1. Give me the residue from the stretch 63-79 that is in a helix (DSSP H, G or I) and in contact (Cβ under 8 Å) with a residue 24 or more places away in the chain and, out of that set, surrounded by the most Cβ atoms within 10 Å (Cβ to Cβ).
2. Residue by residue through the stretch 1-40, note down the ones that are out of contact with any helix residue (DSSP H, G or I) (no Cβ under 9 Å at 6 or more places or on another chain), under 16 Å from residue 57 (Cα atoms) and at pLDDT 95 or above.
3. Is it the case that some residue within the stretch 313-323 is under 18 Å from the mean Cα position of the chain (by Cα) and free of Cβ contacts under 8 Å to residues at least 40 places away in the same chain?
4. Restricting to the stretch 169-205, count the residues that are within 16 Å of the ligand (Cβ to nearest atom) and over 26 Å from residue 348 (Cα atoms).
5. Residue check: is residue 231 surrounded by 24 or more Cβ atoms within 10 Å (Cβ to Cβ) and farther than 17 Å from residue 137 by Cβ?
6. Among the candidates 34, 81, 103, which residue alone is assigned by TED's automatic domain parsing to the domain that holds residue 407 and either more than 22 Å from residue 352 (Cβ to Cβ) or within 16 Å of the ligand (Cβ to nearest atom) (or both)?
7. Kindly list the number of the only condition in (1) over 26 Å from the mean Cα position of the chain (by Cα); (2) in a loop (DSSP other than H, G, I, E, B); (3) buried (at least 16 other Cβ atoms within 10 Å of the Cβ) that fails for residue 12.
8. Output the helices (runs of 4 or more DSSP H) that fall wholly within the stretch 329-428 and possess 3 or more residues being more than 25 Å from the chain's Cα centre (by Cα) and within 26 Å of residue 46 (Cβ to Cβ), or say none.
Ligand SMILES: Cc1ncc(COP(=O)(O)O)c(C=O)c1O
């Protein structure tokens, strides 16, 4: 496959990037896309498990739009639902039946969901959930976990995020994830001042870890004891790891859940759902007014209805397929590492994979993840790009239900070649 490397050209993407840097900061509209090597590639088309750049190169896509493309790009039934909706109108400034239909579908699928509200991005969903928690409990303090990502609003930003407000973070405590004793200590001290504990139930942004047995249940117990609300950020895991999200697999039910990437097959839409009690400040005579011009916008809602119906109707098939393809890819990654003698390891939950380079074993926590060789992963990603595989430099890979077993084999072959290009004895 090395010959393919010589054939790919990115002349148009390079020119695009130079021109874009004049008007778009770093040439991108979300900084996470700026790290592509040799430069961020510009795309013009995506369908199924394939994506095409503006130079006409075709790739097998492992980025999946950073997670939303569970059903691949442009699932036909979702596209026809959106087309139909365009003919009916996209914004009403009033209620429309789709919102209710979607809320009822989410209620039927997600364990904690007695009530639902809609917005448009994961970040907005987190903001909504925090507002609900603070208004419902009448408390300010939030507990969060190191390495968990909840979007880029100030209250959940890392302390070194340029331009973020230190004041907005003053009401937040961050602790190491997964350490039962640290959790107990902080809950003992601050539990009854907490409005909420916010957590990715399966931390997907810093390692794709499964929590140690009993950890989430212990958080649930502490929340019950102290009156803090438990918020699961299922922006990535929702609808991707199971129809009911991570909460249906770990059998711990939060008070509130944020859903986004998995909800609408790539169309922008997010939802916050939770118990009636958690929503008490936002309903009836409660003081909280949830706002947003585009909340419940009809195109995202139409897409989400069809996507969730599809996941519900094809539940067994789709999730077995995602698990099978994910497992095959994990096996190919391990085989490529063995074959080339390179220190590549992987964590996986269903169709979500995180690669590590230079560790003896896959990372078990954020501290270990931070020791993975980021520069080597970026180089590896570039090698894959040359061989027709588009993946994130940070090593977070998403498989979709539209990938085929043959696609996974092609990725495995490309990986062997790309790994062979990396220095054998480790990097300087
Ligand atoms: C777990 C999690 N929460 C929240 C967000 C923010 O979502 P968005 O980028 O749609 O604002 C993300 C985005 O990657 C995420 O992974």
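1. Of everything passing the filter in the stretch 63-79, 64 is surrounded by the most Cβ atoms within 10 Å (Cβ to Cβ).
2. 11, 12, 13, 14, 15
3. As a first pass, look at the stretch 313-323 and keep what is under 18 Å from the mean Cα position of the chain (by Cα): 319, 322-323.
Okay, now just the ones that are also free of Cβ contacts under 8 Å to residues at least 40 places away in the same chain, so 323.
Checking the stretch 313-323: at least one residue is under 18 Å from the mean Cα position of the chain (by Cα) and free of Cβ contacts under 8 Å to residues at least 40 places away in the same chain.
4. Here the count works out to 2.
5. Values: surrounded by 24 or more Cβ atoms within 10 Å (Cβ to Cβ): yes; farther than 17 Å from residue 137 by Cβ: no.
It is false that residue 231 is surrounded by 24 or more Cβ atoms within 10 Å (Cβ to Cβ) and farther than 17 Å from residue 137 by Cβ.
6. Details: 81 fails: assigned by TED's automatic domain parsing to the domain that holds residue 407; 103 fails: assigned by TED's automatic domain parsing to the domain that holds residue 407.
34 is the lone residue from the list that is assigned by TED's automatic domain parsing to the domain that holds residue 407 and either more than 22 Å from residue 352 (Cβ to Cβ) or within 16 Å of the ligand (Cβ to nearest atom) (or both).
7. For residue 12, the failing item is (2).
8. 405-420
The values are calculated or read from the model by the stated rules, or taken from the named source; none is laboratory data. The shown structure was predicted, so the numbers you read here are calculated from the model rather than taken from an experiment. In this analysis, Cβ positions are derived from the backbone assuming ideal geometry, glycine residues included, and neighbour counts consider all displayed protein chains.
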